[in-house]
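The values are calculated or read from the model by the stated rules, or taken from the named source; none is laboratory data. All values reported here derive from a predicted model rather than from experimental measurement. Reconstructed Cβ throughout: ideal geometry from the backbone, glycine too, with neighbour counts over all protein chains shown. Each accessible area value is taken on the protein alone, full model and side chains, heavy atoms only, with ligands, DNA and RNA left out. Shrake-Rupley method; radii C 1.70, N 1.55, O 1.52, S 1.80 Å.
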Amino acid sequence: MNEFARPRLLIIDGHSMAFRAFFALPADKFVTSGGAHTNAVHGFINMLVSLITQEKPTHIGVAFDAGSHTFRTDEYPEYKGGRDATPEEFKGQVPLLKDVLASMNIKFLDKDMFEADDILATWAAEATANDMEVLVCSGDRDAFQLVNEHVTVLYPVKGVSELKRYTPEAVEEKYGVRPENYPDLAALTGETADNIPGVPGVGPKTAAKWITQFGSLEAILDGADTIKGKVGDNLRAHLDQVRRNRQINRLLTDVDLAIGVLDLGMAPWDREAMNEIFDVLEFRTLRERLFKLMPAGEVEGSAVQTPDIELDVTIFDSEHTVLDWLDAAGPDPVSVVVEGTQTPYGGSAWTVALGSTGDRVGVARLDELSDANTVALRDWLANQQAPKVVHNVKGVWHALNRFSGGIRGVRFDVELGAYLAHPDQRTYGLDVLAERYLFTSLAPTETSGQGEFDLGLEDDSQNQRLALQASAVLKLEALLRTELRERNSLSLIEDLELPLADVLASMEHDGVAIDTQHLRGLEGFFAQEAETAANEAYEAIGRKVNLGSPKQLQEVLFDQLDMPKTRKTKTGYTTDAAALSDLFEKTQHPFLKHLLSYRDVTKLKQTVETLLKSVTPDDRIHTTFQQTVAATGRLSSTDPNLQNIPVRSEMGRRIREAFIVGEGYETLITADYSQIEMRIMAHLSGDDSLIAAFKAGEDLHNYVGSRVFNVSTDEVTPEMRSKVKAMSYGLAYGLTDFGLSKQLKVSVSEARTLMEDYFERFGGVSRYLHEVVEQARVDGYTETILGRRRYLPDLTSDNRQRRENAERVALNAPIQGSAADIIKIAMIRVDKRLREENLESRLLLQIHDELLIEAASGEIEEVEAILREEMSGAMELSVPLSVSVGRGRNWHEAGH
DNA sequence: GGGGGGACGTA
DNA sequence: CGTACGTCCCCCCA
């Protein structure tokens, strides 16, 4: 909690990136109804959004060229000469781009006689002196000279959507010289784009060889006489040229700039100004994408009226102190709304708004806050005893992590509350909840000054929006608390989801350590395997096709090769793995075999590449656990999804080797529940035979097999075992005789017989499954062991397909949901024990029935004991909860 | 660039 | 005609 990430500065060469964007996006597709071209702006802002999301900068600056006349052209008039005239369609876009940046409060700068690159170089130097991490986004290769341990250049590969990271290693790998020698290399080879000729016959290879050999450009020029052959002659003939090149491509790091890096901190966006400029540009989706980066977006085009509330807004300063305001708020919970980025590891806050009863609102702009107010606010946010209400506690925790080490004392989260009340809604954004429950919009009322550049009014409208949010959170709490209390579900939020959110926030913040070298190795290997498989597939059919295109595959399979048709889909016939295997059995055509292995290996390659992209500078991956998405109560994992890392195939498991124990820790531990869903089934159904099976402690499927097939447990054949295993697993999904027959590849009648025999032996299970559906039809919802509900209106639908689907959902929801309840309890208890016993070991991941833990040295035995104890003891069922534990240097080894 | 569809990874 | 997810690619449209 005390670990403060270093500030991260993102600086962008505005001209070069906008120009790249201009050529990357089709000009004729981005024209406003007024005829203005917008493709460069669109591409640039889109790139900016990606960079903000992925790189999580705390500071941003954009540099532009001031004009074509610079100190370089003074010295060398031909510099950048011979270029085509700037296209008309581009010229008008730079002012528009600047308008967008201004609305986002992103500073931009140009300086007479200097190029954007010199500004970037100066900023980078200043930032390094201030101990910042620096990202330089530029399409000019001269920027490579800035690269060092703390400065990375992002250079566009194609268009502006894909940027390559140039670290010192990457520069060296690509050019064979260290970043500080890149300008030496460029001086020798020349730069066509800048109209700078190099030494004839000297390309990057030769130049790099010389630089390595001589150590510096000066040494090469001094030792030019020793270089033999035609290139030696050429070099000697161009000594002055090379010297001048080197002078020209040296970026200045000491330009006197009006804006310093410390002024580049991310600031609140001006929503009104953004709306205005985006209206001009006619960007709909981009605007929404951008607003999603803000804590709670407002609703557009809503018919809901903005309420006419008299809000008593205080801006905290030396006269209006945080302490006084909090004193006046009394003992009631205070709502907290944070403006900032709420992502794990890179979160930051700009503004904090507090709301209390009586529509009192206090607004703290963190960068302007006095020391006394900062201390007061920080202490209050971190005070477990000071009651608070928020929307999305986990996001708020991340945003406030650097300011106050997160947030404590949260008594209610309206997002979690709304999720528990109606778990199948799509979104629980504060704006949506305000409409749904309060029938109000959170958009601020329009001010008379709209459209004018008036700082006072902008502030007012921002304050009003924050104030509306803060007061909405308090009102929503009252409503949702009542709703949950009436159905006896208050404990679900207070004792389960809220404490869990804290645990999850820590897990996301800590992240899991990654062996990137191992991943890169796998990436190369999978890439090669994919190419081999693809070539063999092409050979088998005598032509090239896009193996990733189901449409083209259908042409190959059903037209060219005339194979039998597979299962129908909405758009044709399926080419999924099951169907392809089927076809292979029938036709033995080698194309199918190679296609299947191509699919396998490209999927793995993609997984590896996605993981590599998610690794943060601490060499860890910080996923986000979604706590309000799955209708059953499970968690999900995004950005990246770490709950679907391959485990079934040999090659896939190699990916798990890249999830390693981090520095300062000794081992990874996995702990998972065995057959938790079947155990819950046994408990909920009360089926004596099934309960006996688990109490006996022998292999479940053998036991069930012996009962179903009427043999002794040692006479159960593997075929019998796999049949009842499929049946048991399928039970919790509402499986049908048809589905079972497909899975087992037996006739429907044989599947039906198996189900009948199964249900005859385990009558309690059969009875329970029928009861669940009937009860849900009466109540309109199902419930888990902890009373988590899922509403199923389709159970009474006239449409048979909808109804039967709802019935399967009704079977599954209490089982999957109760399993989710149990592991959530376990996580809270494990985390509590680890902290109470002052252990450094920590939870990293949850994969539905499995926990991944990073154990500190000397703590392994104790941690394993805690895991077994708290997971097994999470809930008292009529069958034991069995837990198996494994350990290893990586996730693969720790698995079992 | 956005959205639908298909495919596929996990529990 | 087996539940719950997230993410990738292709393709089509704008």
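General observations
- Segment A:76-95 residues that are part of a helix (DSSP H, G or I), paired with ones that are open to solvent by 20 Å² or more (accessible area, probe 1.4 Å) (beta carbon under 8 Å, 6 or more apart): A:GLU89/A:ALA27; A:GLU89/A:HIS37; A:PHE90/A:PHE19; A:PHE90/A:HIS37; A:GLN93/A:HIS37; A:VAL94/A:HIS15
- Tabulated pairs, segment A:160-177, first over 19 Å from A:ALA207 (Cβ atoms), second part of a loop (DSSP other than H, G, I, E, B), C-beta under 8 angstrom, 6+ apart or interchain: A:THR167/A:VAL147
- A single member of A:ARG802, A:ARG767, A:ARG752 is open to solvent by 20 Å² or more (accessible area, probe 1.4 Å) and away from DNA strand C (no atom under 13 Å from the Cβ), and it is A:ARG767.
- Qualifying position, being of a type in the set (Gly, Ala, Ser), assigned by TED's automatic domain parsing to the domain that holds A:ARG436 and surrounded by fewer than 19 Cβ atoms within 10 Å (Cβ to Cβ), among A:ALA527, A:ALA478: A:ALA478
- Of the criteria (1) outside any helix (DSSP H, G or I); (2) more than 30 Å from A:LEU852 (Cβ to Cβ), which one A:ALA513 fails: (2)
- Residue satisfying condition, being of a type outside the set (D, E, K, R) and away from DNA strand C (no atom under 15 Å from the Cβ), within set A:VAL724, A:VAL746, A:VAL708: A:VAL708
- Considering residues of segment A:709-721 that are open to solvent by less than 60 Å² (accessible area, probe 1.4 Å) and of a type outside the set (Val, Ile, Thr) only, the residue farthest from A:VAL748 (Cα to Cα): A:SER712
- Residues that are among the aromatic types (Phe, Trp, Tyr) and part of a loop (DSSP other than H, G, I, E, B), drawn from segment A:62-75: A:PHE64
- Residues that are over 17 Å from A:HIS391 (Cα atoms) and crowded, with 20+ Cβ neighbours inside 10 Å, drawn from segment A:483-502: A:SER489
- Unmet criterion (only one of (1) in contact (Cβ under 8 Å) with a residue 40 or more places away in the chain; (2) under 19 Å from A:ASP65 (Cα atoms); (3) part of a helix (DSSP H, G or I)) for A:PHE144: (1)
- Set side by side, the residues A:ASP254, A:ASP225 differ, and just one is among the charged types (D, E, K, R), assigned to a loop (DSSP other than H, G, I, E, B) and surrounded by fewer than 14 Cβ atoms within 10 Å (Cβ to Cβ), which is A:ASP254.
- If you check A:LYS565, A:LYS570 for being away from DNA strand B (no atom under 12 Å from the Cβ), of a type in the set (Lys, Arg), in the same structural domain as A:THR602 (by TED's automatic domain parsing) and open to solvent by 60 Å² or more (accessible area, probe 1.4 Å), only one passes: A:LYS565.
- Take the conditions (1) assigned to a loop (DSSP other than H, G, I, E, B); (2) open to solvent by 20 Å² or more (accessible area, probe 1.4 Å); (3) closer than 24 Å to A:GLY232 by Cα; A:VAL177 misses just one of them, which is (2).
- Whichever residue in segment A:44-75 is over 41 Å from the mean Cα position of the chain (by Cα) and in contact (Cβ under 8 Å) with a residue 60 or more places away in the chain and, among such residues, is farthest from DNA strand B (Cβ to nearest atom): A:GLU75
- Answer from A:ARG408, A:ARG402, A:ARG485, A:ARG436 - the residue that is over 23 Å from A:GLY340 (Cα atoms) and at pLDDT 90 or above: A:ARG485
- Residues (more than 25 Å from A:ILE785 (Cβ to Cβ), surrounded by fewer than 20 Cβ atoms within 10 Å (Cβ to Cβ) and in contact with a Gly (Cβ under 9 Å, 6 or more places away or on another chain)) located in segment A:857-896: A:SER857, A:GLY886, A:GLY888, A:GLU893, A:GLY895, A:HIS896
- All helices (runs of 4 or more DSSP H) inside segment A:608-706 with 2 or more residues being charged (D, E, K, R), closer than 30 Å to A:TYR781 by Cβ and within 16 Å of DNA strand B (Cβ to nearest atom): A:676-685
- Filter result (more than 12 Å from DNA strand B (Cβ to nearest atom) and either touching a residue at least 40 places away in the same chain (Cβ under 8 Å) or touching a helix residue (DSSP H, G or I) at 6+ places or on another chain (Cβ under 9 Å) (or both)) within segment A:547-562: A:VAL556, A:GLN560, A:LEU561
- Matching residues, segment A:611-628, being touching a residue at least 40 places away in the same chain (Cβ under 8 Å) and either of a type in the set (Ser, Thr, Tyr) or more than 16 Å from A:ILE514 (Cβ to Cβ) (or both): A:THR616, A:THR623, A:THR624, A:PHE625, A:GLN627, A:THR628
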